[in-house]
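These notes are about the structure you will find just below.
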Amino acid sequence: RANANGGRYTASDQIAAGFGMIELPLGESIKLVGGARVEQWNLDVITRTAQGTDVAAHPRNTDVLPSLALNIALSAQQTLRFSATQTLSRPEYRELSPVPYFEQVGLLTTFGNPDLGRALIQNYDARWEWFPNPGEVLSLSLFAKRFRDPIEKIIILQAGAAALGYVNAKAANNYGAEIELRKNLGVLTPSLLPLSFFANSTLMRSRIQPGSNILTSPDRPMVGQSGYVVNGGLSYVHPTGRFNLTALYNVAG
C-alpha cells in the first residue's frame, strides 16, 4: 500500500488454526461446554520510507485460546449462562508501518510502530435469559475483560506539531452490564402483530495501566472505549413473510 505522505508498505499475513470442543451434560438442566483454539500467526510488514529506508516488522506468535461455558436451564423459558474465554487482538498492518497517514478525526499525522505486539484478552460473562414467547427475549448480563499488552493510541511530541502513534500498554480492565429486550407489539393489539420492538443498552467502565513507556495519566479509560452504548429499533415483517422493514437507532458516548 502507498501513501500520499510518502512511503509504502507490503504485508504477508499467515494464520494457521485448529480447535477442539467438548459438550458434557451434568444432569438434566446443566451443560458444560469447553474447548480450545490454537493459532499460529506469522506476519511480515516491510515498509519503504520516503527516504528509501526499509523498516521491517515480523511478529510471530503461537497462542492457545481456551473457552469454558456453563449453561443452566432454570426452566423451559429461562437460562443462566457463565463463560470464560481468552481471545486476542492483533495490530493492523498500518499500525505496524511507520509510513505516516492522516487520522480522520482531527487530521493529525499518525505513525505506526514496528515493535507492536498482539494483545491477549481474558473475557468473563454471566448472563440470564428469558424467552417468554418465540422471537422474544429479555436478558441481563455482567461482563469483565482483562487485557494484557493492549494496543493504545498515544500523542507523540515532535518538532512543529503533535502526531499520533501506537504502543502496547501494560494492562487494562473493562467491565460493565448489559440489558437486552425484544418484544412483539401484538400484546397491545392484534393489529400490531407484524411489529417488534428491540433494544439493548450497555454501561462500561475501563481503566488502563499505561506502563513506563507511555507518558500519560496513570488512571484513565482506554482510548476509544465508550462509556455507554444504546441501540434500539422497530421491525416490521409482512404477514406473508415476503419482505420486512427495520428502523434502527444507535448512540454511544
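The values are calculated or read from the model by the stated rules, or taken from the named source; none is laboratory data. Because the structure is predicted, anything quoted here is derived from the model rather than measured. Here the Cβ is made from the backbone with ideal geometry for all residues, glycine too, and neighbour counts use every protein chain on show. When the accessible area is computed, the model is the full protein with side chains, heavy atoms only, and any ligands, DNA or RNA have been set aside. Shrake-Rupley method; radii C 1.70, N 1.55, O 1.52, S 1.80 Å.
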query: Taking the chain as a Gaussian network, where each spring joins two C-alpha atoms under 10 Å apart, which residue of Ala56, Ala76, Ala119 fluctuates the most?
result: Ala76
Alpha carbon centroid spacing (whole Å) that separates segment 1-64 from segment 155-196: 24
- prompt: Can you give the calculated 222 nm mean residue ellipticity of the chain, where each DSSP H run of n ≥ 4 adds -39,500 (n - 2.57) and the sum is split over every residue, rounded to the nearest 500 deg cm²/dmol?
  reply: 0 deg cm²/dmol
statement: Heavy-atom accessible area per residue of segment 67-163, all protein chains kept, 1.4 Å probe, expressed in Å², is 55
field: Neighbourhood net charge (10 Å Cβ-Cβ; Lys/Arg +1, Asp/Glu -1) for Ser201
entry: -2
- prompt: Ignoring any ligand, DNA or RNA, what whole percent of the accessible area of segment 6-121 comes from carbon and sulfur when the probe is 1.4 angstrom?
  reply: 55
query: Looking only at Gln78, Gln104, Gln14, which one moves most when the chain is put into a Gaussian network model with springs between Cα atoms under 10 Å?
result: Gln104
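With r as the distance between the Cβ atoms of Leu188 and Leu26 and R0 = 51 Å, compute the FRET efficiency 1/(1 + (r/R0)^6) and round to 0.05.
Rounded to the nearest 0.05, the efficiency is 0.80.
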message: Between segment 220-245 and segment 73-149, what is the separation of their alpha carbon centroids in Å?
response: 17
Computed lengthening from Ala159 to Asn250, 0.36 nm per intervening residue step minus Cα-Cα distance: 28.8 nm
field: Cβ-based net charge around Leu142, under 10 Å, with every Lys or Arg adding one and every Asp or Glu removing one
entry: -1
- request: Please name whichever of Val38, Val105, Ala76 sits farthest to the positive end of the charge dipole of segment 33-166, dipole taken about the Cα centre and charges placed at Cβ: Lys and Arg +1, Asp and Glu -1.
  value: Ala76
query: Are there trypsin sites (Lys or Arg not before Pro) in segment 155-253 that DSSP marks as loop and that have at most 13 other Cβ atoms within 10 Å, and which are they?
result: Arg242
- prompt: Gaussian network model of the chain, Cα springs within a sub-10 Å range: biggest mean-square fluctuation belongs to which of Val33, Val229, Val105?
  reply: Val105
task: Treat every Asp and Glu Cβ in segment 92-144 as -1 and every Lys and Arg Cβ as +1, leave all other atoms uncharged, and give the resulting dipole magnitude about the Cα centre to the nearest 20 debye.
output: 80
statement: Extension length gain for Leu181 and Leu140 (0.36 nm per residue less Cα distance), in nm, is 13.8 nm
message: Cross-link candidates for Lys170: which lysines have Cα within less than 22 Å, leaving aside residues fewer than 8 places away along the same chain?
response: Lys145, Lys153
task: Pick out, in residue order, every one of the GluC sites (Glu not before Pro) in segment 1-83 that is DSSP loop and has at most 16 other C-beta atoms within 10 Å; say none if there are none.
output: Glu28
- request: Go through (i) 152; (ii) 123; (iii) 190 and flag the label whose value is the computed volume of the Cα convex hull per residue in Å³ for this structure.
  value: (iii)
message: Compute, for the chain, the length of the dipole vector about the Cα centre, with Cβ point charges of +1 (Lys, Arg) and -1 (Asp, Glu) only. Units Debye, rounded to 20.
response: 180
- prompt: For Thr49 and Trp128, what does the FRET efficiency come to when R0 = 45 Å and r is the distance between their Cβ atoms, rounded to the nearest 0.05?
  reply: 0.25
